[in-house]
Amino acid sequence: RLPYLPPCKGNFVIQNHTNMIIQLAEEADVMLIVFADKLQTIVSASESERDYIYREITDIYAPLAERLGLDYWADRLRDEAFRLSKPQLYGEIKAQVEKILGMSCEEARDYLQQIKKEVIKKLNELGIKTGVSVRLKDIYSIYTKMDSRNIGIEEVDDILGVRIVFD
């Protein structure tokens, strides 16, 4: 329960805060509990607390998860914080994504898993050993891309992704 104060000068305050969390946690399991606790905090926060928690998660905890190689947690933290702090905007972007895809986000995730299995099967039949991963771009990530580039959703060309890594 460390207090978060938005930085007034540069990223050094954020970096120091992040380093302090890592030192206090000491072990990877504790960090996972911290991330799970932050997800629960987002969900249970009152309307007046959401902006504070949104900034805390996007400034401190999501970058910390990335720094530790926990990209799934970073994406999940940002997406949930965005969904709860800006529900209308989140809903609008999600609806646009689903319209473009012609299916719900949940169906798209299932579809990508099916594609992954098929790609792995075909490559294995050819004797090619690879690593295959798939992803549906998170709503928060789509929002930041649109905002930073000042583009519309129709110009976001990487909503679905498949990565194949060869030896």
*Looking only at the stretch 28-80, which residues are among the aromatic types (Phe, Trp, Tyr) and under 23 Å from residue 93 (Cα atoms)?*
52, 54, 72, 73
_Condition met for residue 49 (of a type in the set (Asp, Glu) and more than 17 Å from the chain's Cα centre (by Cα))_ = yes
*asked:* Being closer than 18 Å to residue 138 by Cβ and either modelled with pLDDT under 85 or not charged (D, E, K, R) (or both) is true for just one of 60, 53, 22, 33. Which residue is that?
replied: 53
*Could you tell me whether the stretch 104-124 includes any residue that is on the phi > 0 side of the Ramachandran plot and more than 18 Å from the chain's Cα centre (by Cα)?*
no
_Any pair with Cβ under 8 angstrom, 6 or more apart, that starts in the stretch 46-62 at a residue that is among the acidic types (Asp, Glu) and ends at one that is outside any helix (DSSP H, G or I) and open to solvent by less than 30 Å² (accessible area, probe 1.4 Å)_ = 56/4; 59/4
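The values are calculated or read from the model by the stated rules, or taken from the named source; none is laboratory data. Computed from a prediction, not measured in an experiment: that's the story for all the values here. We place every Cβ from the backbone using ideal geometry, glycine too, and count neighbours over all the protein chains shown. Accessible surface is based on the protein model in full, side chains and every heavy atom, while ligands, DNA and RNA are left aside. Shrake-Rupley method; radii C 1.70, N 1.55, O 1.52, S 1.80 Å.
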